[in-house]
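Below: the structure, in structure tokens.
The values are calculated or read from the model by the stated rules, or taken from the named source; none is laboratory data. Only a predicted model underlies this, so the values are computations on that prediction, with no experimental measurement involved. No Cβ is skipped: glycine too gets one built from the backbone with ideal geometry, and neighbour counts run over all protein chains shown.
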Amino acid sequence: MIFGSDKGRLLKGDGNVRASAVAGALALSAFSAALSLPNVVQAGDWDFSGSVAGELRVFPNAPAFDEQDDTRFSPSIAVEPEVVYEWSGGDDRITFVPFARLDAHDDNRSHVDLRELNWLHVADDWDSVIGVDKVFWGVTESRHLVDIINQDDAVEDVDGEDKLGQPMLNLNLFRDWGTLSGFVLPGFRERPFRSNDARLRGGLPVDDDNATYESNAEEYHVDFAVRWAHTFDDLDVGIAHFHGTSREPRLLPRVNDDGRVVLVPRYDQIDQTSLDAQLTKDAWLWKLEAISRSGQGDRFFATVAGFEYTIFGLLDSNADLGLLAEYLYDGRDEDDAPAVLTDDDFFLGARATLNDEQDTTFLIGGIVDRDTQSTSFSVEAERRIGQHWKAELEGRFFVNVDDEDLILNGIRDDDVITLRLTRFF
Amino acid sequence: MNSFQSQHSPRRSGVTAIMLAALSVTAAFGAGSALAETPEEKGLAIAVEADKRDLGWVDSESELKMILTNRNGETSTRELRIKSLEVEDPTVGDKSLTIFDRPRDIEGTAFLSHTKITEPDDQWLYLPALKRVKRISSANKSGPFVGSEFAYEDLISQEVAKYTYKWLRDEACGDLQCFVVERFPVYENSGYTKQVVWIDQQEYRPMKTDFYDRKDSLLKTLVNTDYNQYLDQYWRAHTLQMDNHQTGKSTTLTFDGYKFRIGSSEGDFTSNRLKRAR
């Protein structure tokens with residue numbers, strides 16, 4: 001939620017369209033296979049819902065780099081409908097969730113994506129998903145370290161919470177000893193980056209038309225993942241392994257045909273083993289995420305660990321106040337692995353939930369580098385209006401940025417305040 | 001929030017046996033005379049009987065509409081569905097799954113609760129926008145449920161062992177005759193010092209409950225009406241009216257489409273299945 005993905009900020013579309021097409025074909029063939037089953041003659045249920053969001057981003061400062069337009073007020077609109085068709089008493093379900101954003105200034109942020117198009121089949125002790133879907137793993141708030149199935153939709157926000165749909169075959173077995181999930185991931189989604197003239201693009205433009213891959217199969221490399229998850233009383237644990245194309249690209253400087261220095265994304269083959277765990281004790285949530293990754297220079301270790309403590313009924317009111325603290329470590333060598341914001345950082349945050357009829361929530365959080373004291377922090381507020389609307393206000397600020405900080409230095413003057421009004425239908 | 005008003009599960013049969021044993025000892029000393037029964041014993045016996053009459057419903061499903069009214073008379077609406085599973089193991093509690101349909105911004109949000117007898121409940125929340133299942137703290141017993149006048153503790157299963165009891169008097173309640181029983185929460189983090197419950201003598205159904213806050217002043221009144229009987233045994237109120245006397249706010253909860261013994265299994269109530277709930 002608050003800042004997770006630090007890295008990407010330019011954009012790209014081609015490979016995404018191709019991967020979507022593969023996934024679409026996959027889901028459609030699954031759909032027709034499902035429909036041709038003899039027991040599926042009875043009519044199912046349709047459900048339509050979704051949202052339309054108008055957004056205004058305000059940049060208080062002039063941009064840091066010449067190529068960037070001095071955009072101060074940047075409106076955009078996003079639409080995300082959801083169509084669900086269910087049959088066999090809900091044991092079979094087709095979900096279709098397209099997404100589109102039209103941005104007044106950032107051409108790369110104007111984009112469409114297939115968030116979901118999949119067939120879910122639920123049986124007694126297993127279920128399966130065929131098609132494009134979104135999968136979340138993890139427990140911490142400041143960084144989603146173990147969450148690896150989906151690519152970041154990095155043009156949407158800098159918090160790492162918006163994801164591109166991922167084509168997959170997923171089988172989940174529910175057993176006494178836990179849930180075992182297997183994933184076959186055909187088709188890789190390249191990370192989108194912001195336009196050269198856009199705010200939040202970073203110090204150098206990214207040439208995302210010329211991304212390179214370690215695998216000769218490029219974006220058609222088939223990736224695999226397996227995960228076991230179980231609850232032991234107060235403890236929820238997940239252990240996973242991923243083998244395939246790194247969702248994080250390295251950004252390699254190149255001189256392009258115009259004689260300009262640009263960054264070219266490079267997607268390595270990696271193996272990543274991860275652990276996530278949460279211990280829930282009264283009002284305390286103790287959280288741990290850790291990974292060990294090979295394939296980008298020396299094998300490295302990274303972790304996020306911390307707690308969330310909630311004061312319920314603050315000052316005799318209905319409001320709750322959650323206090324969050326996490327430590328982030330990442331041991332990667334940035335000569336061989338993608339740059340990361342949080343190598344040795346502390347995160348502190350607070351969440352106030354008023355528990356009123358409008359579900360009013362306030363959030364504040366900051367990540368501070370232990371070495372340089374470079375800081376990024378965010379303030380968020382949201383509230384429902386009537387039955388169908390929601391208003392959100394977010395501010396993201398970069399302060400005390402060290403010149404050596406590869407990521408923050410590129411967006412140091414791109415503090416942004418976002419006002420979003422969403423209509424749900 | 002295990003089946004909002006269905007208070008019962010077979011797990012209590014163990015507890016019940018102990019309590020009945022205690023009662024029979026009392027009965028022996030009292031030479032079979034009810035006169036020797038203390039108000040505490042009588043209160044407990046009423047709770048045990050009410051509990052016994054609601055054993056064996058297995059599982060249920062219902063649709064709920066919640067209308068929240070503020071002091072100015074403005075209303076907002078929630079729609080949700082609840083599935084409940086009676087658990088046979090006497091050491092653990094009932095399980096429930098709540099899925100939100102309205103308002104639309106929280107559509108698809110799902111809440112899973114494994115009720116415990118003395119330990120804190122296990123609770124998970126599914127947030128559909130992120131596809132994230134989050135284990136949450138269950139220490140928040142007295143907080144409002146989705147902004148309503150119902151607290152979590154008003155909605156979760158009302159285990160016999162979660163209170164101590166004291167019978168106060170018998171009196172008329174509408175057309176019926178009621179036991180009036182005080183009960184005192186023994187679980188941690190309750191927002192109440194006590195509750196006073198009117199239970200009808202014919203069917204042992206809760207008709208009205210007064211809730212007293214931590215300062216022991218009257219906070220809320222709950223009235224249960226529109227009772228229907230299912231499977232020739234199980235009574236369910238279809239309207240729950242909760243009035244907050246201190247804020248002037250109120251919440252009306254109406255139940256529709258009750259179904260019993262629909263074939264739910266333990267597997268439908270696990271955190272790893274929560275993201276499939278609809």
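For this structure, a couple of remarks:
- For the range A:244-296, the set of residues classified as closer than 26 Å to A:Ala211 by Cβ and of a type in the set (Phe, Trp, Tyr) consists of A:Tyr267 only.
- Residues of the range B:111-140 classified as facing another protein chain (nearest Cβ under 10 Å) and of a type in the set (A, V, I, L, M, F, W, C), total: 7
- Condition check for B:Val87 on (1) buried (at least 22 other Cβ atoms within 10 Å of the Cβ); (2) away from chain A (no Cβ under 13 Å): one failure, at (1).
- The residues listed here are B:Gly108, B:Gly143; of these, the one that is out of contact with any Cys (no Cβ under 7 Å at 6 or more places or on another chain), within 9 Å of another protein chain (Cβ to nearest Cβ) and at pLDDT below 90 is B:Gly143.
- A Cβ distance below 8 Å, combined with a sequence gap of six or more or placement on separate chains, defines the contacts here; from the range A:411-425, residues that are more than 14 Å from every other protein chain (Cβ to nearest Cβ) reach residues that are part of a loop (DSSP other than H, G, I, E, B) and of a type in the set (S, T, N, Q) in the pairs A:Asp413/A:Asn61; A:Asp414/A:Asn61; A:Asp415/A:Asn61.
- Any hit, the range A:159-174, residues being modelled with pLDDT under 95 and more than 26 Å from A:Glu219 (Cβ to Cβ): yes
Here's the yes/no breakdown for (1) acidic (Asp, Glu); (2) within 14 Å of chain A (Cβ to nearest Cβ); (3) surrounded by fewer than 22 Cβ atoms within 10 Å (Cβ to Cβ); (4) under 15 Å from B:Phe145 (Cα atoms):
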site: B:Ala45; (1), (2), (3), (4): no, no, yes, no
site: B:Glu49; (1), (2), (3), (4): yes, no, yes, no
site: B:Leu55; (1), (2), (3), (4): no, no, yes, no
site: B:Thr75; (1), (2), (3), (4): no, yes, yes, no
site: B:Glu79; (1), (2), (3), (4): yes, yes, yes, yes
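- Cross-chain or 6+ apart pairs with Cβ under 7 Å, the range A:389-406 first and farther than 14 Å from A:Gln373 by Cβ, then assigned to a loop (DSSP other than H, G, I, E, B): A:Arg396/A:Val158; A:Arg396/A:Asp415; A:Phe397/A:Asp415; A:Leu406/A:Ala339
- Residue that is at pLDDT 95 or above and surrounded by 13 or more Cβ atoms within 10 Å (Cβ to Cβ), where the choices are A:Leu56, A:Leu11, A:Leu26: A:Leu56
- Being closer than 17 Å to A:Asp147 by Cα and free of Cβ contacts under 8 Å to residues at least 60 places away in the same chain is a property that A:Thr273 has.
- Residues in the range A:165-187 include at least one that is within 18 Å of B:Lys131 (Cα to Cα), under 20 Å from the mean Cα position of the chain (by Cα) and in a loop (DSSP other than H, G, I, E, B).
- Among the residues making up the range A:194-247, those that are under 30 Å from A:Leu102 (Cα atoms) and of a type in the set (Val, Ile, Thr) are A:Val206, A:Thr212, A:Thr245.
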